[in-house]
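**Student:** Can you keep this structure in mind? I'll have questions shortly.
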Amino acid sequence: MSKHFRIALILFTAVALIPLSGCAAKRPVPSGVVTLAVLDGTMAEGLRETRKSTVGWWFGAKTRYDSGNAGIALGDVVAHEFAEVPGVQVVSREDFRSYYSEKERLLSREFPDMTPEERLFILEGQSPLDYGRSINVDFILAGRVEKARLARSHFLRTWTGSAEYTLQLWDVRSGRNVWEWSEEDTDLFASPVSIMGQLARRARRDAIRADAFSLYP
């Protein structure tokens, strides 16, 4: 490499980095801090139970596993990602689970004849805003799982994960649904939970772009 070429390459790199550094410097700074609680995701109709089924035949035969516990995993991955939003303080999942378990124990003591499924139905039917006021947070994030599936091919010995869910962000003070997001994805050799995490990263970026938490002047 000639001396003149090396100098030209260095100058080109320096000039190319100037706009990038300028953009980083102009990144908006949050005007304050808000608190957020992430609820366990609810499950779409027909997905409440973990199921195993076989579809197709011969080369196209697959065994499908649908997770009935994907709602808890959804809450975990979304809370993890949204904790990275500047200006947003997320209630720990451990604290939320303790709060949720206490509500379930109260229901169990008050209505001892209720089945666990009936208690879950009541808890999931409570308004997200009611949860937000009880926990005393600024925002509450609720999710609904439409699909959480692992499919294994009998012939190719491969597996494919897929997930789909919807998120809704509620402003507890105003009682308004201020942001909504929905997406799905499928990936080879991936679990539904890992795909949920990928989708949660996209959701976080979308919420920041939309200024869903009204943190930028």
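Each value in this text was obtained by applying a stated rule to the coordinates, not by laboratory testing. All figures in this text were calculated on a predicted structure; none of them were measured in a lab. When we count neighbours, we look across all protein chains shown, and the Cβ atoms used for this are built from the backbone with ideal geometry, even at glycine.
**Student:** Any chance you could run the full-extension gain for residue 216 through residue 72? It's 0.36 nm times the residue separation minus the Cα-Cα distance, nm to one decimal.
**Tutor:** Working: separation 144, 0.36 × 144 = 51.84 nm, distance 3.09 nm.
Answer, rounded to one decimal: 48.8 nm.
**Student:** Counting DSSP beta bridges in segment 31-209, what percent are antiparallel, to the nearest 5? Could you put the intermediate results ahead of the total?
**Tutor:** On the way: 35 of 43 bridges.
So the antiparallel bridges in segment 31-209 amount to around 80 percent.
**Student:** Stretch residue 35-residue 101 to full length: gain in nm at 0.36 nm per residue minus the Cα-Cα span? Mind showing how you got there, number by number?
**Tutor:** Details: separation 66, 0.36 × 66 = 23.76 nm, distance 2.10 nm.
Additional length available on full extension: 21.7 nm.
**Student:** A further question follows. Using only Cα atoms, figure out Rg for segment 87-135 and give it as a multiple of 2.2 N^0.38 Å. Present the calculation step by step, with values, prior to reporting the outcome.
**Tutor:** On the way: Rg = 12.3 Å, N = 49, 2.2 N^0.38 = 9.7 Å.
In units of the globular-protein estimate, segment 87-135 measures up at 1.28.
**Student:** Mind putting together the pair-distance distribution for segment 102-189? All Cα pairs, 5 Å bins, whole percent per bin, short to long.
**Tutor:** 3, 12, 15, 13, 14, 14, 12, 9, 5, 3, 1
**Student:** Hey, could you pull the Cα Rg and Dmax for segment 31-209, both in Å?
**Tutor:** Gyration radius and largest Cα-Cα distance of segment 31-209: 17.9, 60 Å.
**Student:** Could I ask something else about it? Please order 216, 165 by the number of other Cβ within 10 Å, starting at the fewest.
**Tutor:** Values: 216 12, 165 28.
So the ranking, lowest neighbour count to highest, is 216, 165.
**Student:** Mind checking the full-extension length gain between residue 50 and residue 189? Use 0.36 nm per residue of separation minus the Cα-Cα distance, one decimal, nm.
**Tutor:** Numbers: separation 139, 0.36 × 139 = 50.04 nm, distance 2.01 nm.
Value of the extension gain: 48.0 nm.
**Student:** Sticking with this one: If packing is taken as the average count of other Cβ atoms within 10 Å, what order do 79-88, 194-203, 116-125 fall into, highest mean first?
**Tutor:** On the way: 79-88: 17.9, 194-203: 20.0, 116-125: 13.1.
Ranked from most to least packed, the peptides come out as 194-203, 79-88, 116-125.
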